[in-house]
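Below is one structure, written out as structure tokens, with a few remarks after it.
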Amino acid sequence: MPPAPKSDRTFTISELAREFDITTRTIRFYEDMGLLKPERRGQSRIFTAGDRTTIKLILRGKRLGFSLLESKEMIELYDPAEGNVTQLQTLLDKLAEKRAILAQQLEDIRVMQLELDDVERRCREALATSRPARTSKRAPKTKSNSSRTSGKKR
């Protein structure tokens, strides 16, 4: 029997979990969130090629830093009859937001690195100037001192 055409092909939850390296629990969660609407045959869930594409889009959104709700919003805007204009514009807007957030995070990291460098420099300077004072105030260790303080007999 030849394989079913791509659009007519169906998938089990286990097949999709294996393909995308996610758990079946994750897929059921996506279903609970209303992102997937598999058919039911008894207790089994039967997923379509569209469901498979939805999972792929959710995982891509996750890699881009989108929340599940943001991905859901964009998936729900899918409207090929209108050329997906609203969906694509929303995606562009969200991408611009993500870029702005990342740019701010990069700047925050740069500033933090400078602050770390400054604190490290100050610590090293303080150590360099305090070392002679520390050694002159301390009594030098001798065999008798070290054996008394450590509690060991020599």
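Might you check whether a residue that is more than 29 Å from residue 12 (Cα to Cα) and either surrounded by 12 or more Cβ atoms within 10 Å (Cβ to Cβ) or modelled with pLDDT under 95 (or both) occurs anywhere in the stretch 73-82? Among the residues of the stretch 73-82, at least one is more than 29 Å from residue 12 (Cα to Cα) and either surrounded by 12 or more Cβ atoms within 10 Å (Cβ to Cβ) or modelled with pLDDT under 95 (or both), which makes the answer yes. The residues of the stretch 40-50 that are at pLDDT below 95 and either at positive phi or surrounded by fewer than 16 Cβ atoms within 10 Å (Cβ to Cβ) (or both), listed by number, are 40, 41, 42, 43, 44, 49, 50. Evaluation of residue 98 against the conditions (1) closer than 30 Å to residue 26 by Cα; (2) assigned to a helix (DSSP H, G or I); (3) free of Cβ contacts under 8 Å to residues at least 12 places away in the same chain shows that the sole unmet condition is (3). Residues in the stretch 1-24 that are within 20 Å of residue 75 (Cβ to Cβ), modelled with pLDDT of 95 or more and surrounded by fewer than 14 Cβ atoms within 10 Å (Cβ to Cβ): 19 only.
Just one of the listed residues (66, 29) is surrounded by 12 or more Cβ atoms within 10 Å (Cβ to Cβ) and part of a helix (DSSP H, G or I), and it is 29.
Per the listing 121, 148, the residue uniquely assigned to a helix (DSSP H, G or I), at pLDDT below 55, surrounded by 10 or more Cβ atoms within 10 Å (Cβ to Cβ) and among the basic types (Lys, Arg) is 148. For the stretch 39-47, the criterion of being small (Gly, Ala, Ser), out of contact with any helix residue (DSSP H, G or I) (no Cβ under 6 Å at 6 or more places or on another chain), closer than 30 Å to residue 8 by Cβ and not in a helix (DSSP H, G or I) is satisfied by at least one residue.
The single condition among (1) out of contact with any helix residue (DSSP H, G or I) (no Cβ under 7 Å at 6 or more places or on another chain); (2) in a helix (DSSP H, G or I); (3) of a type outside the set (Gly, Ala, Ser); (4) within 17 Å of residue 13 (Cβ to Cβ) that residue 60 does not satisfy is (4).
The values are calculated or read from the model by the stated rules, or taken from the named source; none is laboratory data. Bear in mind that the values here come from a model prediction, so they are computed numbers and not experimental data. Cβ: placed from backbone, ideal geometry, glycine included. Neighbour counts: every protein chain shown.
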